[in-house]
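Beneath this line is the structure, given in structure tokens, with notes to follow.
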Amino acid sequence: MSILCFRCLEAMYGTSPNVTESSIWNYCCYYSNMAPYVWSTKARGIEKTSGTIFFNSFIERLFNFVALSLVLSFLMHFDFEPFEDRIALTGFNVSRDLFSLGHLYNSYLFTVLLYFTLNNLFELNAFGENVKGFATQKVFDSPLTKSKTPTEFWTERWNHMTHLLLKVCFSNCTEAKHFWIRETSLFRLVVFKLPYLFFCYVFLVWDREEYLSRQRNASMTGGLQCS
């Protein structure tokens with residue numbers, strides 16, 4: 001939902017790359033797909049990918065998929081708690097145990113799992129465009145191993161597509177005074193608040209259904225034992 005709002009704002013305020021307005025094909029490709037294309041100013045279109053780049057992209061997709069499978073299988077084997085941890089992951093907790101080695105190790109493994117999950121989800125769309133012969137930018141660029149500073153981690157290597165969308169849509173659109181004065185609050189509400197409330201609603205419904213299911217199972221088990 002947030003990404004769709006970004007694309008709509010780009011269309012409204014003209015902050016998209018100039019090449020996208022060169023042809024109806026460029027326009028449709030840009031606004032109908034979230035893949036970060038590499039645009040050619042000379043050819044006035046999307047750059048073509050080479051066989052070598054496609055092969056490297058395929059190997060990278062395969063590696064990340066296998067890595068995600070291994071990390072997920074490892075965590076599932078230990079019920080997502082390979083190290084002893086007193087912090088329950090069922091709610092918000094503030095305790096000294098947050099700094100225990102077991103909790104830090106588990107948190108790092110969760111971060112690795114999240115990274116490979118997002119990597120596969122975001123890069124899979126771009127890989128589909130590579131299959132068609134279009135060149136795309138790297139969404140993730142080894143943030144866990146090559147980042148030297150927090151700024152480099154968040155703005156250059158962690159998720160280039162999200163950072164690019166935020167920079168192009170939010171920063172450029174807010175340069176207009178009329179947009180800044182009249183629509184910034186509405187923009188923040190639609191882009192950030194509403195998706196958050198929607199996810200909270202989905203989580204609460206799912207958690208409530210799981211709770212009711214456990215209660216029904218417990219009552220049925222108790223009824224069978226009593227009988």
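We did not get these values from a lab; they are worked out from the coordinates using the rules stated. For clarity, every value in this text was computed on a predicted model and none was experimentally measured. Here Cβ is always computed from backbone atoms with ideal geometry, including for glycine, and neighbour counts include all displayed protein chains.
Using a simple spin-label model with pseudo-atoms 7 Å out from Cα toward Cβ, residue 110 and residue 131 lie 3.4 nm apart.
Backbone amide hydrogens, once placed in the peptide plane, bring residue 45 within less than 5 Å of 40, excluding anything fewer than 5 places away on its chain. Between residue 69 and residue 43, the modelled labels are 3.4 nm apart [label points 7 Å from Cα along Cα→Cβ]. Around the amide H of residue 134, modelled in the peptide plane, lie the amide H atoms of 49, all under 5 Å away and 5 or more residues distant in sequence or on another chain. Think of segment 13-159 as a dipole: +1 on every Lys or Arg Cβ, -1 on every Asp or Glu Cβ, centred on the Cα centre; then among 64, 116, 49, 49 lies furthest on the positive end. Each residue of segment 55-72 was assigned a 3J(HN,Hα) from its phi angle through the Karplus curve 6.51 cos²θ - 1.76 cosθ + 1.60 (θ = phi - 60°); the sequence is 5, 5, 5, 5, 4, 5, 4, 5, 4, 5, 5, 5, 4, 4, 5, 5, 5, 5 Hz, with glycine and proline shown as x. 3J(HN,Hα) couplings calculated from phi for segment 40-48 with the Karplus curve 6.51 cos²θ - 1.76 cosθ + 1.60 (θ = phi - 60°) are, in sequence order, 9, 6, 6, 7, 6, x, 7, 5, 8 Hz; Gly and Pro show x. In terms of other Cβ atoms within 10 Å, 157, 96, 61, 86 run from fewest to most in the order 96, 86, 61, 157.
In sequence order, segment 20-35 has phi-based couplings of 5, 8, 6, 8, 5, 5, 4, 4, 5, 5, 5, 8, 9, 9, 8, 5 Hz under the Karplus curve 6.51 cos²θ - 1.76 cosθ + 1.60, θ = phi - 60°, and Gly or Pro positions carry x.
Give me the number: length gained by fully extending residue 153 to residue 94, i.e. 0.36 nm times residue separation minus the C-alpha to C-alpha distance, one decimal in nm. Don't skip to the answer; put the middle values down first.
Working: separation 59, 0.36 × 59 = 21.24 nm, distance 2.63 nm.
Net length gain for the segment: 18.6 nm.
Below 15 angstrom from the Cβ of residue 135, what's the summed charge of the other residues (Lys, Arg +1; Asp, Glu -1)? Summing Lys and Arg as +1 and Asp and Glu as -1 gives +1.
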